[in-house]
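One structure is given below, encoded as structure tokens.
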Amino acid sequence: MENSDARVSDPFYVYQKFTSSEELKNAIRQHAVETRRELDSIKNDKNRVRAICKGTIPDLGQLDPCGPSQSNKESEENKCPWKIVQQIESNPTVPTRALQEQLQREYQVDISKMKVFRTKTEALNQVRGDYAGQYTTLRDYVQELRTRNLGTTVKIEVESEPNPSSDTRTFKRIYIYLRPLKKGFLAGKRDYLGLDGTFMKWTYPGMILTAVGLDGNNCTYPLAYVVVEAKNINSWTWFLRCLGDDIDLQANSKFTFRSDRQKGLLQAIGTLYPCAEHRFCLRHIHESMKKMWRGKVFQDMLWNCASTATIQEFNHALEELRKLNNDCYEWVKAIPPQHWSRAHFTGRAHYDGLLNNLCETINNQIKKARNQPIITCLEYIREYLMLRIVSVQKVIDKAIGPLTPTATSVIEKKTDATQCVGKFYGNGKYQVSGPWMGQCVVDMAQHTCSCRKWELTGIPCKHALVAIWDMRKNKQNVGVPEEWVHSTY
């Protein structure tokens, strides 16, 4: 806009960048509302966006951003030569001003000292140089990290150079496990780990892989993170071997892993930890199933098969799916049920979740780090984990009672336990009958119930609560809650 007496500053300038034509159109509409202009779009198509000012709407005598208000539109147009033209190209050059402002926001440098770039190639080469510069100081960052956090494990793997006498090496992978996270996990060790990865962005390709555990409140407990070249069997094997050394995982360890069946991960776990239980994320199984069988009916059938806790209920749900569609039944049956059905879970981890939400939460929190240089990315993740520890401590400080908030909430919701009747049959065993003629056997000595929910979650089911109430009524020792709720901080 040419008029220097304008009330509202013009948000548009030469060489301004927009991610899409729709974004530009929205900006023009917003500007028209704020300045009370009548901005008219002319001959727009998928490659061009053009708008012209046709004057302002009368504003009860207030000053006009485009000059005095007049009834004659032609006179108004002559007084306001405002127009905007945007050409959209498939491979545009990088405008100097837009690039300068972008780099100023990212690196907070003085624009006056920046080099002017005329093409996209020159600009990207400079940005690549800035990203590459952090790799040259990566060893210094690692040394500082170890010095400030004694006991932190950091491992760097590099590519071998053709010339062994060369002073430089090419970065390949980095593994980081902070000491406070390691100490906390080993203190309240729960044999459950979620594994996932997300892509790095910008100029250097790669993956961020994360390992996530469970805290006593059944919430996310981050462990280790790595930056690797790709998701493959070599990178997963290297990551799991480094992690196993830190948390003392042996080949015969009976850990439980949860994943989205990423490329190479199945083979890596099978090779390193053949005795481990490997569960698949049910959401990703459903996404694969939707390619052939869509609809809520098929989704509900799959979730019914996965959420049942006993073999009998699983077989019944699977039979219902067979009656609905035999091809879908055969497809689901081909996936080993011990990987996705609660009825076939061992219960070692005391966690019956069917999704990999723990890792998805971490990936969502660190998405801003994915387009940053390597050290900036690693620092972003470290700071997030530090703040998370503080947040969890605040939850712990507010907790009331001997149980965690999650365990307390789950037990308080089991109001239907009042409708059950328990009978003691000796040796710590109870027969508990429900209002619908269902019966379960509770073994207080083994902390199990034939419904398997106590075994799967570590939190007493409604049948176990009936047995606990009966023992307290008869003045028997039921122990402290921590002994029969396997969810403590």
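The values are calculated or read from the model by the stated rules, or taken from the named source; none is laboratory data. The structure displayed is predicted, hence computed values, not measured ones. Here the Cβ positions follow ideal geometry from the backbone for every residue, glycine too, while neighbour counts run over all protein chains shown. Side chains included, ligands, DNA and RNA excluded: accessible areas come from the protein's heavy atoms. Shrake-Rupley method; radii C 1.70, N 1.55, O 1.52, S 1.80 Å.
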Qualifying residues in the stretch 1-22 (those that are surrounded by 12 or more Cβ atoms within 10 Å (Cβ to Cβ) and modelled with pLDDT of 65 or more) - the one nearest to I84 (Cα to Cα): F12
Where F255 falls short, out of the listed (1) open to solvent by 20 Å² or more (accessible area, probe 1.4 Å); (2) within 23 Å of L214 (Cβ to Cβ): (1)
Output for the stretch 291-314, where each listed residue is within 30 Å of P274 (Cα to Cα) and surrounded by fewer than 13 Cβ atoms within 10 Å (Cβ to Cβ): Q312
The listed residue being open to solvent by less than 30 Å² (accessible area, probe 1.4 Å) and in a helix (DSSP H, G or I), out of W454, W469: W454
Residue under evaluation L403, criteria (1) surrounded by fewer than 19 Cβ atoms within 10 Å (Cβ to Cβ); (2) closer than 30 Å to L223 by Cα; (3) touching a residue at least 24 places away in the same chain (Cβ under 8 Å); (4) of a type in the set (A, V, I, L, M), criterion not met: (1)
Hey, V332 crowded, with 16+ Cβ neighbours inside 10 Å and out of contact with any Gly (no Cβ under 8 Å at 6 or more places or on another chain) or not: yes
Members of the stretch 178-187 found to be within 20 Å of S253 (Cα to Cα) and either surrounded by fewer than 14 Cβ atoms within 10 Å (Cβ to Cβ) or of a type outside the set (G, A, S) (or both), listed by number: K182, K183, F185, L186, A187
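From the list R279, R261, pick out the single residue that is in contact with a strand residue (DSSP E or B) (Cβ under 6 Å, 6 or more places away or on another chain) and without any contact (Cβ under 8 Å) to a residue 24 or more places away in the chain.
None of the other options fit; the residue is R261.
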The stretch 339-366, residues that are within 19 Å of H284 (Cβ to Cβ) and loosely packed, with under 14 Cβ neighbours inside 10 Å: N364
Candidate set from the stretch 140-173 (those that are of a type in the set (D, E) and open to solvent by less than 90 Å² (accessible area, probe 1.4 Å)); member that is farthest from the chain's Cα centre (by Cα): E161
Selected residue (only one of C281, C275, C219, C242 is open to solvent by less than 20 Å² (accessible area, probe 1.4 Å), more than 24 Å from R139 (Cα to Cα) and either touching a Lys or Arg at 6+ places or on another chain (Cβ under 8 Å) or at pLDDT below 95 (or both)): C281
Sole residue being more than 30 Å from K296 (Cα to Cα), part of a loop (DSSP other than H, G, I, E, B) and either without any contact (Cβ under 8 Å) to a residue 24 or more places away in the chain or of a type in the set (S, T, Y) (or both), chosen from Y221, Y204: Y204
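Would you be able to say whether some residue in the stretch 190-202 is among the polar types (S, T, N, Q), open to solvent by 10 Å² or more (accessible area, probe 1.4 Å) and out of contact with any helix residue (DSSP H, G or I) (no Cβ under 6 Å at 6 or more places or on another chain)?
So far as the stretch 190-202 goes, no, none of its residues is among the polar types (S, T, N, Q), open to solvent by 10 Å² or more (accessible area, probe 1.4 Å) and out of contact with any helix residue (DSSP H, G or I) (no Cβ under 6 Å at 6 or more places or on another chain).
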Residue tally, condition of a type in the set (S, T, Y) and within 16 Å of the chain's Cα centre (by Cα), over the stretch 256-281: 1
Some residue of the stretch 225-236 being buried (at least 16 other Cβ atoms within 10 Å of the Cβ), of a type in the set (S, T, N, Q) and in contact with a strand residue (DSSP E or B) (Cβ under 6 Å, 6 or more places away or on another chain): yes
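Yes or no, residue by residue, for (1) at pLDDT 90 or above; (2) within 19 Å of D215 (Cα to Cα):
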residue: K367; (1), (2): no, no
residue: L378; (1), (2): yes, no
residue: G401; (1), (2): no, yes
residue: K414; (1), (2): no, no
residue: G422; (1), (2): yes, no
residue: G426; (1), (2): no, no
residue: M444; (1), (2): yes, no
Pairs where the first residue, in the stretch 185-198, is at positive phi and the second is open to solvent by less than 10 Å² (accessible area, probe 1.4 Å) and among the β-branched types (V, I, T), C-beta under 8 Å, 6+ apart: none
Matching residues, the stretch 413-444, being in a helix (DSSP H, G or I) and either among the aromatic types (F, W, Y) or open to solvent by less than 80 Å² (accessible area, probe 1.4 Å) (or both): D416, A417
Residue count, the stretch 258-272 (criterion: part of a helix (DSSP H, G or I), open to solvent by 10 Å² or more (accessible area, probe 1.4 Å) and closer than 19 Å to A349 by Cβ): 3
Unmet criterion (only one of (1) in contact with a helix residue (DSSP H, G or I) (Cβ under 8 Å, 6 or more places away or on another chain); (2) free of Cβ contacts under 8 Å to residues at least 24 places away in the same chain; (3) open to solvent by 20 Å² or more (accessible area, probe 1.4 Å); (4) more than 20 Å from R261 (Cα to Cα)) for E383: (1)
Selection count where residues are modelled with pLDDT under 75 and either open to solvent by less than 30 Å² (accessible area, probe 1.4 Å) or touching a strand residue (DSSP E or B) at 6+ places or on another chain (Cβ under 9 Å) (or both), scope the stretch 23-34: 2
